[in-house]
Amino acid sequence: FSCGVVIVAAGRGERAGQSAEGPKQYRIIGDRPVITHTLDIFATWRGVGPIVVVIHRDDEALFAAARVRLSSQADLLVVHGGASRQLSVLAGLEALSGAGPRHVMIHDAVRPFIDHALLDRCRAALESGAGAVLPAIAVADTLKRATDGRLVEETVPRAGLYAAQTPQCFRLEEILAAHRRACASGRSDFTDDASIAEWAGLPVILVEGAVDNVKLTLKRDISMADERLTRDAV
Ligand code: C5P
């Protein structure tokens, strides 16, 4: 099993508001930057290949400060991202392709509560032959469509609906080819990599996600994550 990792961390995190600590992947939770927690989980997982971290060119100093807080030695390759998540992933995949692992896991830096059991489920799916693996959680809430943000137009049946998480896992050469084609065709708005695989006609297989594997998006997500880690440390 050979599996590289691309961690995307080049976003500006505008929905979490401005902060002296910089974008949300560098905010401190439980005493260390968000991205440090995320990287440590991958760096301590058995069998992981090179880890490519995609950062914004303005964040070199923030990343250097986060890197020294890692508790494990990691084989990290750092590259600069693009104007959208999709383009940042493509930059990471291009960098990884030189190193040549067979599979890749693509993960958002802002999901620091990823755990080894979820990585093991992803690995098992890849080893059983799946070419594209998506961790996801069945939607629990009743869903409404309100295009103008106020008037409810309809209730969307939630049966068969899943919320997508990361890491999304692929055969490296297949997802890289799909990403290159998406970019060449002028698309830069895919919000996850499974949707690029779907667009390219690759079958995507679900595995059970983890309820804790939330994406830190808003300011209150960061404070809740900090409270949680501080509480767990007591
Ligand atoms: O903005 P969003 O919540 O979708 O970001 C998900 C992940 O993608 C974050 O870790 C963010 O840093 C990353 N990202 C990126 N390059 C961008 C935009 C987002 O690496 N241009």
Open item on the list: More than 22 angstrom separation, counting every C-alpha pair in the chain; what % is that?
Closed with: 53 percent
Open item on the list: Show me, for the stretch 124-131, the HN-Hα J-couplings you get by feeding each phi into the Karplus relation (A = 6.51, B = -1.76, C = 1.60, θ = phi - 60°), rounded to Hz, glycine and proline as x.
Closed with: 4, 5, 5, 5, 7, x, 5, x
Open item on the list: I need 171, 123 ordered by Cβ neighbour count within 10 Å, fewest first.
Closed with: 171, 123
- [ ] Only Lys, Arg, Asp and Glu count, each charged at its Cβ (+1, +1, -1, -1), so figure out the dipole size of the stretch 3-233 about its Cα centre, rounded to 20 debye.
- [x] 140 debye
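Which order, highest average first, do 105-112, 59-66 follow once you tally other Cβ atoms within 10 Å for each residue and take the mean per peptide? Mind dumping the intermediate values first?
Working: 105-112: 25.6, 59-66: 17.1.
In decreasing order of mean packing, 105-112, 59-66 become 105-112, 59-66.
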- [ ] Label the stretch 139-209 by shape, choosing from rounded, prolate and oblate, from the square roots a ≥ b ≥ c of the eigenvalues of the Cα gyration tensor; if a/c is under 1.5 it is rounded, and otherwise prolate applies when a/b is larger than b/c, oblate when it is not.
- [x] oblate
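Which peptide among 211-220, 190-199 comes first, and what is the full order, when sorted by highest mean count of other Cβ atoms within 10 Å? Walk me through the intermediate numbers first.
On the way: 211-220: 15.3, 190-199: 20.2.
Top of the packing list down: 190-199, 211-220.
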- [ ] With a 10 Å radius around each residue's Cβ, average the other Cβ atoms per peptide and rank 161-168, 72-79, highest first.
- [x] 161-168, 72-79
Task: Relative contact order %, the chain, counting alpha carbon pairs below 8 Å whose residues are six or more apart - done: 26 percent
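Here, each number is a calculation from the coordinates, and none is a lab measurement. Worth saying up front: this structure is predicted, and the values here are computed from it rather than measured. Neighbour counts run over all protein chains shown; Cβ positions are idealised from the backbone, glycine included.
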